[in-house]
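For reference, the structure discussed in these notes is given below.
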Amino acid sequence: MNEIESRILELREIINKHNHNYYNLDKNLISDFDYDKLLDELINLESRYPEYFDENSPSNRVGGGLSDKFNSESHIYQMYSLDNTYSNEELESWYARASKILDTDDFEFCCELKYDGASVNLLYENGKLLRALTRGDGTQGDNITNNIKTIRSVPLNIDNSFLKKFEIRGEIIILNDSFKQLNRKREELGEPIFKNPRNTASGSIKLLDSNEVARRPLQCFLYSIVSDEVKMKSHSELLNIARDMGFDVPKYEKVVDGLDGVKEYINYWDKNRSSLPFEIDGIVIKVNYIDFQKKLGFTSKFPRWAIAYKYKAENLVTKLNSISFNVGRTGAITPVANLEPVLISGSTVKRASLHSFDQMMKLRLRVNDSVYVEKGGEIIPKITGIDIENRGSKYDEIKFPTNCPECNSELVKLDSEANFFCPNVKDCSPQAIGRIQHFVSRKAMNIDGLGDETIKLLYHKGYLKDISDIFDLDYDSISLIQGHADKSAENLKMGVENSKSKPFQKVLYGLGIRYVGESASKKIIKKIKSIDELMNMSIESLSEIDEIGEKTAVSIKEFFQDEDNRDLITRLKSAGLVFIDNSKTDISSSLSNLTFVISGVFEMHTREEIKNLIEINGGKISTSISSKTSYLVAGSNLGSTKYAKANNLGVPIINEVSLIDLIS
Ligand code: AMP
Ligand code: ZN
């Protein structure tokens, strides 16, 4: 084997290992930057030396481009669906039927969560992923291999000592948190948001553009192995073998004896399912012994050895008392339903979201209507319909206001938005207060000592009209405000002082420009050096920035065209806030004679940028901590040995913000 080939193989192995650590074991042992560097090196070598092509190389995970259609292929073993039940009686009669066939009522069940996504069937042979099919009609499915390869927790190569050839079935899902994040990103880009994780997951695996699939945060949870070679005694053993082979098999299954254990599992997850990081629509009960499964066999549609217990949609009827119209930070008016309190899956629901004007108008709600309220997992309860038999009087239809409920300005609606807006951006109090609250919030300037309620109070007393007032607060008068003790004024003073060293990216995000969220501000900072540069950019050049759509570009331009906003920036500049990207400033010698060790993963800079920053300012980098080390620059995931060593030698540990402080 020559040097090139062995390097390619080595890179593939290292990257596969990092994927497995990160996606299956939740261990992050490498920075994004270093990971990308390895991947780039691999992609580069593979394109220069196509003779070493391997379709299961981890480089294929970034998406294999566009297909014009999916091929339909046959499953080796039929993919059955599951018989459903909603009640204990049906569960008992299923158990009775199985006991009769098996001639015993003494057997184990393996209870599992029923993941709510789209099913997939993976085929492995000799340690390689050969293909992935959708369930289709159970006999044939679509070949979606290129899409499934983009899911990093799906191993492309496995240890084949357990089984040579097998199908492994699973569910493609999106975690609730990833789903929210995905929608936040889409909102920033001005793209329509997705409705729920389930539909997004099943829609995503059927996209013809696998590069787009690679951008969707999909996961693949596995739940069963089918193969002629299976020698194992039980289904639960098979799940463990799947784990050993490197598959993502969530650890929620429980092996129980008899039906009481099954019922306990059902009840437990009925109560606790909202605490799961993903959505389930029920649980699956499987007879655990493979021999018993064989004896029970299949009907034309379902296995007789398994059944799904589905949770009832948590859907109840209650009375609508009124609708409030909330004004958000961006001026969007959102209708919120005030309900006759009702208990849904363990918590009292009094309010439900109606999301938007468009949605409210579809329902044409009246006071006293009986409405269906649904609470799905982690999501805020929502109204899904009206009981038409029990409607309020038609004279009580609730109208959408024409004027702002807070400042009475006439509302406006843009075609591209589902909501009405209050155009009185400057003086409508919830908007003005919301902007200040956003600016001090944890993810922006993180100013301690200025809580939401204090901001409201100070705003209404006239001490705090916009964010620049934060830096001219009259602390003596604040101390006099009832309930605001000296100590909290002290605290606030310190919080305000500290915020002056917050990096440019946090300041930019804190300004609250519409559609410029956290990730957009990161992308912008990558491209520009200072706020002045940003203020002078055209819509065209703004749109050229990665992830900045036309809508966001227009919003940025409009923000800076406003005279008041430009004044605001001037005032914030003279207050001493950071409006330039320090990492791109000129060379200094402020760090000469200092030696740094860098460790961990950083938020605002890549590790390479931190290294650069230190070096261009005269500092030295060392890889290990000694008595000569001046500072340990630490990000998250700092190794415990490095931490202990720094502490022992009395080496100060600083973060990336303090490093920039040190430079300036
Ligand atoms: P249904 O779609 O209602 O027929 O239910 C059958 C589907 O449930 C299967 O095709 C799987 O995609 C899905 N499912 C989710 N979790 C599991 C699990 N733990 N075991 C078996 N099937 C599951
Ligand atoms: Zn208003």
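The values are calculated or read from the model by the stated rules, or taken from the named source; none is laboratory data. Source: prediction; values computed, not measured. So basically every Cβ, Gly included, is an ideal-geometry build from the backbone, and we count neighbours across all protein chains shown. Accessible surface is based on the protein model in full, side chains and every heavy atom, while ligands, DNA and RNA are left aside. Shrake-Rupley method; radii C 1.70, N 1.55, O 1.52, S 1.80 Å.
Here are the numbers for this structure:
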quantity	calculated
Complete set of residues in segment 222-242 that are more than 20 Å from Glu125 (Cβ to Cβ) and assigned to a helix (DSSP H, G or I)	His235, Ser236, Glu237, Leu239, Asn240
Enumerated helices (runs of 4 or more DSSP H) restricted to segment 459-546, each holding at least 2 residues that are in contact (Cβ under 8 Å) with a residue 24 or more places away in the chain and of a type outside the set (Asp, Glu)	486-499, 504-510, 518-527, 531-535
Close pairs from segment 417-438: first open to solvent by 30 Å² or more (accessible area, probe 1.4 Å) and among the aliphatic types (A, V, I, L, M), partner away from ligand 1 (no atom under 16 Å from the Cβ) and not in a helix (DSSP H, G or I), Cβ under 8 Å, at least 6 apart	Ala418/His355; Ala418/Ser356; Val425/Gly331
All positions within segment 319-362 that are assigned to a helix (DSSP H, G or I) and crowded, with 18+ Cβ neighbours inside 10 Å	Phe357, Met360
Count - residues of segment 372-421 that are assigned to a loop (DSSP other than H, G, I, E, B), over 30 Å from the mean Cα position of the chain (by Cα) and within 16 Å of ligand 2 (Cβ to nearest atom)	10
Qualifying residue in segment 430-437 (condition: among the basic types (Lys, Arg), under 33 Å from the mean Cα position of the chain (by Cα), within 16 Å of ligand 2 (Cβ to nearest atom) and in a loop (DSSP other than H, G, I, E, B))	no
Top-ranked residue in segment 64-82 [being of a type outside the set (Ser, Thr, Tyr) and under 17 Å from Ala118 (Cα atoms); ranked as modelled with the lowest pLDDT]	Phe70
Hits in segment 528-567 - residues which are of a type outside the set (D, E, K, R) and open to solvent by 60 Å² or more (accessible area, probe 1.4 Å)	Asn536, Gln561
Output for segment 163-181, where each listed residue is surrounded by 20 or more Cβ atoms within 10 Å (Cβ to Cβ) and farther than 20 Å from His75 by Cβ	Ile173, Ile174, Phe179
Odd one out for Thr570 among (1) among the hydroxyl-bearing types (Ser, Thr, Tyr); (2) open to solvent by less than 70 Å² (accessible area, probe 1.4 Å); (3) over 20 Å from Leu29 (Cα atoms)	(2)
Among residues of segment 363-374, those that are open to solvent by less than 30 Å² (accessible area, probe 1.4 Å) and hydroxyl-bearing (Ser, Thr, Tyr), counted	1
Out of Arg198, Arg184, Arg152, Arg135, sole residue that is open to solvent by 10 Å² or more (accessible area, probe 1.4 Å), in contact with a Phe, Trp or Tyr (Cβ under 7 Å, 6 or more places away or on another chain) and basic (Lys, Arg)	Arg152
Test set (1) within 23 Å of Phe504 (Cα to Cα); (2) open to solvent by less than 70 Å² (accessible area, probe 1.4 Å); (3) at pLDDT below 95 - Lys443 fails condition number	(2)
Verdict on Leu594 being modelled with pLDDT of 85 or more, surrounded by 13 or more Cβ atoms within 10 Å (Cβ to Cβ) and over 31 Å from the mean Cα position of the chain (by Cα)	yes
Conditions (1) away from ligand 2 (no atom under 16 Å from the Cβ); (2) not in a loop (DSSP other than H, G, I, E, B); number of the one not met by Asp248	(2)
Residues that are touching a residue at least 12 places away in the same chain (Cβ under 8 Å) and of a type in the set (D, E, K, R), drawn from segment 282-310	Lys286, Asp291, Lys295, Lys301, Arg304, Lys310
Members of segment 78-92 that are open to solvent by 50 Å² or more (accessible area, probe 1.4 Å) and outside any loop (DSSP other than H, G, I, E, B)	Asn84, Asn88, Glu89, Glu90, Glu92
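One line per residue, one yes/no per condition, for (1) part of a strand (DSSP E or B); (2) within 16 Å of ligand 2 (Cβ to nearest atom); (3) open to solvent by 50 Å² or more (accessible area, probe 1.4 Å); (4) small (Gly, Ala, Ser):
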site	(1), (2), (3), (4)
Val255	yes, no, yes, no
Asp260	no, no, yes, no
Ile266	no, no, no, no
Pro277	no, no, yes, no
Lys286	yes, no, no, no
Lys295	no, no, yes, no
Ile307	yes, no, no, no
Val317	yes, no, yes, no
